[in-house]
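Just below is one structure, and these are the notes that go with it.
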Amino acid sequence: MLNTESLFCPVRKRWLAPLPEEQVRQKLVHKMVQLLGYPLECLSMEASLKSLPHIRKDCRLPARRADLIVFAKNIHPDHSFYPLLLVECKAVPLTKKTMRQLVGYNEYVQAYFIAAVNQTASFTGWYEESCDDYRFQDEIIPYQQLIDNIRPRT
């Protein structure tokens, strides 16, 4: 999976330059699929916000790409395949700016959970209505645990 010359991305099914952020992405994909139960076929990398079928096309969308989106089936009343987790990968320290960027992306994507990951840290978050803010915990939460903890949107 990881070497000094190139990286194979099992999601995009192609070889890529081993840039620092790509190394973070590929290490994360490996961990998610091999250790945390994420189905490979539910992962999407570098998806344009404009390409996501559940996003309203009549609003002005930024020309941005999501590092990684995990979709799941039958978790939303109006869409059969919907974003479960939006992930931002960085090759630099995770900062408040990173978290604001992630929350901003999720205003469009509307994933139930968000996560930020770099070489040494990872956080998973969810919107907590009672405090009108996101709460985060260390590490990436296993797939089934996210599915089991989806809270209906009001």
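Read-outs: derived from the displayed coordinates by stated rules, not from any lab. Just so it is clear, the structure is predicted and the values come from calculations on it, not from any experiment. Every residue, glycine among them, receives a Cβ derived from its backbone with ideal geometry; neighbour counts consider all protein chains shown.
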Excluding residues fewer than 8 places away in the same chain, name every one of the lysines whose C-alpha is closer than 29 Å to that of residue 27.
13, 50, 73, 90, 96, 97
Please compute the modelled spin-label separation between residue 21 and residue 65, points set 7 Å along Cα→Cβ, answer in nm with one decimal.
0.9 nm
Distance in nm between label sites at residue 135 and residue 97, each 7 Å beyond Cα in the beta-carbon direction?
3.0 nm
Using only the alpha carbons, work out the radius of gyration and Dmax of the range 1-44 in angstrom.
10.1, 28
Magnitude of the Cβ-charge dipole (Lys and Arg +1, Asp and Glu -1) of the chain about the Cα centre, nearest 20 debye, reported as 460 debye
Using the Kirkwood radius over Cα pairs of the chain, the Stokes-Einstein translational diffusion coefficient at 4 °C and 1.567 mPa s, in µm²/s and rounded to a whole number, is 81 µm²/s
